[in-house]
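Beneath this line is the structure, given in structure tokens, with notes to follow.
The values are calculated or read from the model by the stated rules, or taken from the named source; none is laboratory data. From a predicted model like this one, the values you see are computed outputs, not experimental measurements. Cβ: placed from backbone, ideal geometry, glycine included. Neighbour counts: every protein chain shown.
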Amino acid sequence: MIQNRLQKIKNELNEDTTLVAVSKTKPVEEIESLYEIGHVDFGENKVQELVNKHTFLPKDINWHMIGHLQRNKVRQIIPFIHLIHSVDSLRLLNKINDEAKKINRKVNILIQIKISNDNSKYGFSFDEIEYLVKNGILDEYEFTNVKGLMGMATFTKDENVIDHEFKKLKEFYQKYRPHTNFSILSMGMSGDYRIALKNKSNMLRLGSVIFGVRN
Ligand SMILES: *Cc1c(COP(=O)(O)O)cnc(C)c1O
């Protein structure tokens, strides 16, 4: 049962690692059953579903937007979102900052870096973020707080490939951490979270290992 599965994984983690339970496609009752045992971090990848669930569920839940975010949908989540993991372009970052400014709320975000070979994965390149950090450009956004980096590894059974990709992101994160406000490294899904932990991830996004496979 899902409460036991969540608890078992949490027992493997040290206290500064956050587990985001990825509840996309799952009903509010299942989220409630985890909330009842004290779990408050949930991730969704579609704005409409996120807004609906936010409306129904307790207001002290920390909602994480983990999927590709379209600019015309940003406004709907700005008032309540806890962390946007999937900021994958400057146009999106500008839009988030503009909408946050309108309601005078500082929004927490992560920069998504493309670390995989899969051509479907969104994200900045390492070079782009290096340029933005070195020139202090991320600090110019007054209504966004860039809390760290997110990456998704290649969808493969080859653990060496995944390990190599997570390691590169970890090294980049550690290199730039002293020059930024970075404190979050979001890496690891159901299939690869142990490799992510080995590479110092401190935020896991886990769906199917908790809730069972999605249809
Ligand atoms: C769906 C999703 C996850 C969780 O996937 P599982 O394999 O079910 O753990 C994590 N991150 C992102 C960005 C996702 O879209």
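What number of residues within the stretch 40-91 are away from the ligand (no atom under 12 Å from the Cβ), closer than 25 Å to Ser183 by Cα and either assigned to a loop (DSSP other than H, G, I, E, B) or of a type in the set (Asp, Glu) (or both)? Number satisfying all stated conditions: 11.
Quick check on Ser23: is it in contact (Cβ under 8 Å) with a residue 12 or more places away in the chain, over 22 Å from Glu140 (Cα atoms) and surrounded by 15 or more Cβ atoms within 10 Å (Cβ to Cβ)? When the stated conditions are applied, Ser23 passes them. Out of the residues in the stretch 164-214 that are of a type in the set (A, V, I, L, M) and in a strand (DSSP E or B), which is nearest to the ligand (Cβ to nearest atom)? Filtering the stretch 164-214 for residues that are of a type in the set (A, V, I, L, M) and in a strand (DSSP E or B), the one nearest to the ligand (Cβ to nearest atom) comes out as Leu206. Filtering the stretch 18-72 to residues that are among the hydroxyl-bearing types (Ser, Thr, Tyr) and closer than 13 Å to Phe211 by Cβ leaves Ser23, Thr25, Ser33. Here the condition is being under 23 Å from Glu99 (Cα atoms) and among the acidic types (Asp, Glu); of Asp192, Asp139, it holds for Asp139 alone.
Is it true that Arg5 is surrounded by fewer than 18 Cβ atoms within 10 Å (Cβ to Cβ) and under 14 Å from Leu206 (Cβ atoms)? In short, yes.
Residue count for the stretch 137-163, restricted to those that are in a loop (DSSP other than H, G, I, E, B) and buried (at least 23 other Cβ atoms within 10 Å of the Cβ): 2. Every condition in (1) without any contact (Cβ under 8 Å) to a residue 60 or more places away in the chain; (2) among the hydroxyl-bearing types (Ser, Thr, Tyr); (3) buried (at least 16 other Cβ atoms within 10 Å of the Cβ); (4) within 16 Å of the ligand (Cβ to nearest atom) is met by Ser120 except one, and the failing one is (3). Among residues of the stretch 184-211 that are at positive phi, those with a beta-carbon under 9 Å from a residue that is within 8 Å of the ligand (Cβ to nearest atom) at least six positions away or on a different chain give the pairs Gly188/Arg205; Gly188/Leu206.
Looking only at the stretch 8-37, residues that are closer than 18 Å to Met203 by Cβ and not hydroxyl-bearing (Ser, Thr, Tyr) come to 14 in all.
Looking at Ile31, Ile111, Ile37, just one residue is aliphatic (A, V, I, L, M), part of a strand (DSSP E or B) and either within 16 Å of the ligand (Cβ to nearest atom) or at pLDDT 95 or above (or both), and that residue is Ile111.
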